[in-house]
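Here is the structure we will look at, set down as structure tokens.
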Number of protein chains: 2
Amino acid sequence: MHNTTILMAHGAGGRMSRELIRAVFAAHFANPGLAPLSDAAVLPALPPGALALTTDSYVVQPLFFPGGDIGKLAVCGTVNDLAVSGATPLYLSAGFILEEGLPLETLTCVVASMAETARAAGVQIVTDDTKVVERGAADQLFINTAGVGVVPPGLTLGAARLCAGDALLVNGTVGDHGLALMLHRQEMAFQSDLESDCAPLNGLIAAALDAAPGQVHWMRDATRGGLATVLNEWVLDAPALGIEIEEEAIPLRPAVRAGCEFLGLDPLYAANEGKAVFAVAGEAASAVLAALRAHPLGENAAMIGRVAADHAGRVVLRTPYGSRRVLPMLASEPMPRIC
Amino acid sequence: MHNTTILMAHGAGGRMSRELIRAVFAAHFANPGLAPLSDAAVLPALPPGALALTTDSYVVQPLFFPGGDIGKLAVCGTVNDLAVSGATPLYLSAGFILEEGLPLETLTCVVASMAETARAAGVQIVTDDTKVVERGAADQLFINTAGVGVVPPGLTLGAARLCAGDALLVNGTVGDHGLALMLHRQEMAFQSDLESDCAPLNGLIAAALDAAPGQVHWMRDATRGGLATVLNEWVLDAPALGIEIEEEAIPLRPAVRAGCEFLGLDPLYAANEGKAVFAVAGEAASAVLAALRAHPLGENAAMIGRVAADHAGRVVLRTPYGSRRVLPMLASEPMPRIC
């Protein structure tokens with residue numbers, strides 16, 4: 001590899017594509033399942049259980065931000081989508097769309113970060129693809145990951161399992177990812193050491209499920225749109241129930257609180273990349289909370305509210321002064337290209 | 001959906017994202033496995049056999065071309081990558097990156113085409129994702145598809161199975177996709193009715209495998225870089241063997257031959273999106289060829305050459321005059337954004 005930037009030829013399927021694959025992708029993603037060049041990866045039969053399949057594209061700007069980068073995000077996001085579905089994440093695919101002129105060093109850093117995050121999460125990136133578009137036809141680098149996992153037999157999660165009286169838990173402070181990116185973009189990074197919470201949650205989620213078998217009823221990672229959007233989606237899918245959360249119980253970093261006040265944002269709608277919400281049978285709440293807190297990614301876990309038979313179809317926030325207000329579904333989360 | 005173009009809010013995870021998903025994706029991709037909104041799809045356990053996983057991103061320009069569009073391509077390409085690996089394609093994921101301002105009608109046409117192609121191929125699109133980037137940060141619309149399939153127990157394909165004496169078959173005329181796009185871009189479409197060969201090959205490939213169980217040794221779809229690139233990759237992976245092909249035996253449409261002469265291109269390096277190369281045990285060649293020709297996508301199938309013990313590591317073309325020349329691995333195929 002004598003070139004220092006990406007050229008159109010790197011995406012054209014000839015010798016230069018092959019060199020890029022060997023020098024960058026095969027070098028970092030090395031694992032027994034990695035597909036040789038353009039073929040599909042052929043892997044052992046999956047363990048028993050339901051197949052889980054998910055995909056996300058990542059277009060975050062900037063590519064590197066406090067606490068992470070687009071590569072780490074692309075692995076964590078897809079691992080977390082599998083994990084909150086109850087699946088053990090096993091294999092990822094990775095598709096790259098590169099802008100002509102992208103420094104090869106940028107790509108290499110991102111790919112190395114993906115490989116490191118995949119190792120940390122215990123998943124294998126087994127197949128990849130690269131396309132190159134002309135300068136100006138894409139903004140630097142986009143990544144798509146798809147993920148395959150297996151849901152153990154007997155585990156069922158979802159709207160049909162949500163019950164009045166379920167406790168709502170979150171594994172730590174909310175809004176860190178969204179605010180870290182917004183402050184970084186505003187060049188106010190010097191004002192705080194706030195970092196994205198970007199992390200693979202599969203280990204934490206496995207611990208939560210083990211702590212109270214059959215008692216976790218639903219999980220969701222609170223990414224785009226934040227905590228308030230996830231809870232609103234839950235009551236849309238289970239419209240006979242309501243959700244009541246306690247403002248004071250929601251873990252919030254002082255830097256997120258201050259940043260939100262400065263920027264006029266609500267942290268409950270700010271993106272997270274390492275936070276999940278758990279609906280847990282009331283009697284199992286303390287066991288699951290203890291399991292979350294015992295995990296390094298759950299030190300600040302908290303019970304933030306309950307599923308209720310009243311307020312059907314609504315998410316209601318109780319303020320410290322005892323008043324209640326409805327948290328609506330927003331038309332859009334006001335932070336573009338956050339993931 | 002009152003908007004006629006894509007807005008940033010359609011990718012921001014709130015109410016407008018949900019409306020877009022319902023109006024466009026859920027409406028067209030409707031199937032029992034389709035993941036509700038942002039979750040992973042949870043599907044029945046796979047049938048016995050090895051898991052196959054593949055991914056490709058699609059950045060073709062223009063989005064609509066004679067014989068296909070980016071949506072049809074995104075389904076066929078991934079189905080074909082699975083099929084040539086010996087897998088029965090089952091499930092696809094679809095990730096969309098949209099440029100702000102994209103007409104909603106364009107997206108709807110592409111999604112409808114994906115759905116129609118998936119039905120024709122017998123696969124289900126079970127999970128999707130949409131990101132929107134600002135005007136100028138992407139060129140209209142990019143699609144990533146990942147695909148999951150199962151390789152039946154006992155089926156092994158690949159370099160280790162390639163033998164001297166294997167016959168090389170192709171299921172029809174080469175270069176149609178690449179030339180159809182190039183001529184269309186040159187606004188010379190009026191000069192020919194050449195169309196892309198874009199098609200899902202899983203049915204044809206199943207017929208070929210059934211015709212001579214265990215006798216098909218290797219398959220590859222001849223996409224970017226065309227027939228010559230696939231054959232060069234084969235000898236790179238099986239360097240003790242050579243490949244000899246007969247120029248006269250390679251099926252070529254007159255319009256492709258004429259277009260290549262006009263544009264100074266070699267049809268053997270031009271992309272195909274509905275053509276696969278098969279290495280088949282010599283004694284089974286006529287049975288597999290008959291099976292290919294009996295399929296609607298294989299009417300023009302031909303035996304184009306043989307794997308040989310000489311010319312190790314090289315692809316050699318025999319001209320009608322009896323002379324031989326080496327077909328090299330090109331640095332890059334000279335047609336950008338062909339898929």
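The values are calculated or read from the model by the stated rules, or taken from the named source; none is laboratory data. Everything numeric in this text was worked out from a predicted model, so none of it was measured. We place every Cβ from the backbone using ideal geometry, glycine too, and count neighbours over all the protein chains shown. Only protein heavy atoms, including side chains, enter the accessible area calculation; ligands, DNA and RNA are left aside. Shrake-Rupley method; radii C 1.70, N 1.55, O 1.52, S 1.80 Å.
Every Cα-Cα pair in chain B was counted, and those over 33 Å apart are 30% of them. Placing a label point 7 Å from the Cα of A:Ala120 along the Cα-to-Cβ direction, the distances to the matching points in the other copies come to 4.5 nm, shortest first. When a/c is below 1.5 the answer is rounded, else prolate if a/b is larger than b/c, else oblate, so apply that to region A:251-320 with a ≥ b ≥ c taken from the square roots of the Cα gyration tensor eigenvalues. The shape class here is oblate.
The share of C-alpha pairs in region A:175-271 whose separation exceeds 19 Å stands at 52 percent.
Along Cα→Cβ, 7 Å out, is where each label goes; now give me the distance between the ones at A:Ser286 and A:Glu105 in nm to one decimal. The two pseudo-label positions are separated by 5.6 nm. Close amide-amide hydrogen proximity is noted between A:Ala45 and B:Leu51, each under 5 Å apart and 5 or more residues distant or on a separate chain (H modeled in the peptide plane; Pro and chain starts excluded).
Summing both sides, the accessible surface hidden between A and B at a 1.4 Å probe radius is close to 5500 Å². With label points set 7 Å from Cα along Cα→Cβ, the inter-copy distances at A:Asp237 are 3.9 nm, sorted shortest first. Accessible area per residue for chain A is 35 Å², calculated with a 1.4 Å probe on protein heavy atoms, without ligands, DNA or RNA. Its DSSP H runs of at least 4 residues, each contributing -39,500 (n - 2.57), put the calculated 222 nm mean residue ellipticity of chain B at -8000 deg cm²/dmol, to the nearest 500.
Solvent-accessible area of chain A (1.4 angstrom probe, protein heavy atoms only): carbon and sulfur portion equals 54 percent. In this view, the solvent-accessible surface of B:Thr4, computed with a 1.4 Å probe and all protein chains in place, comes to about 100 Å². Contact residues in region A:147-188 by the 20 Å² criterion (accessible area, 1.4 Å probe, full protein complex versus chain alone): A:Val148.
Looking at A:Gly68, A:Gly147, A:Ile97, which one has the Cα that reaches farthest to the positive end of the dipole of region A:8-151 (charges on Cβ: Lys, Arg +1; Asp, Glu -1)? Of A:Gly68, A:Gly147, A:Ile97, it is A:Gly147.
Dipole orientation for region B:8-151: of the candidates B:Val24, B:Val42, B:Ala118, B:Val42 has the Cα lying most toward the positive pole (charges on Cβ; Lys, Arg +1; Asp, Glu -1). Summarised in one figure, the compactness ratio Rg/Rh of region A:8-151, Cα atoms and Kirkwood Rh, is 0.96. Per-residue 3J(HN,Hα) values for region A:213-228, derived from phi via the Karplus relation 6.51 cos²θ - 1.76 cosθ + 1.60 with θ = phi - 60°, read x, x, 9, 7, 9, 6, 9, 7, 7, 8, 8, 3, x, x, 4, 5 Hz in sequence order (x marks Gly and Pro).
Buried by at least 50 Å² relative to the chain on its own: which residues of region B:69-109 qualify, computing accessible area with a 1.4 Å probe on protein heavy atoms? So the qualifying set is B:Ile97.
Cross-link partners for A:Lys72 among the lysines, with Cα-Cα distance under 22 Å and sequence neighbours closer than 8 places in the same chain left out: A:Lys131, A:Lys275, B:Lys131.
Between copies, the label points of B:Ala309, set 7 Å from Cα on the Cα→Cβ line, lie 8.4 nm apart, reported in increasing order to one decimal in nanometres. For region A:110-165, the set of trypsin sites (Lys or Arg not before Pro) satisfying both a DSSP loop assignment and a count of at most 12 other C-beta atoms within 10 Å is given as A:Arg135.
State the Kirkwood hydrodynamic radius of the protein assembly as shown in Å, one decimal place, computed from all pairs of distinct Cα atoms.
Computed over Cα pairs of the protein assembly as shown, the Kirkwood hydrodynamic radius comes out at 25.8 Å.
For B:Glu273, the residues 5 or more places off, or on other chains, whose built amide H falls under 5 Å of its own are B:His177, B:Asp197, B:Cys198. Sequence-ordered 3J(HN,Hα) estimates for region A:155-167 from the Karplus curve with 6.51, -1.76 and 1.60 and θ = phi - 60° stand at 8, 10, 10, x, 4, 5, 9, 5, 10, 4, x, 4, 8 Hz, glycine and proline given as x.
Rounded to the nearest whole Hz, the Karplus-based 3J(HN,Hα) values (6.51 cos²θ - 1.76 cosθ + 1.60, θ = phi - 60°) of region A:68-84 follow the sequence x, 7, 4, x, 4, 4, 5, 7, 4, x, 6, 4, 5, 4, 5, 4, 6, with x at glycine and proline. Interface burial in region B:5-35 reaches 10 Å² or more for B:Met8, B:Ala9, B:Gly11, B:Ala12, B:Gly13, B:Gly14, B:Arg15, B:Met16, B:Arg18, comparing the full protein assembly with the chain by itself; accessible area from heavy atoms with a 1.4 Å probe.
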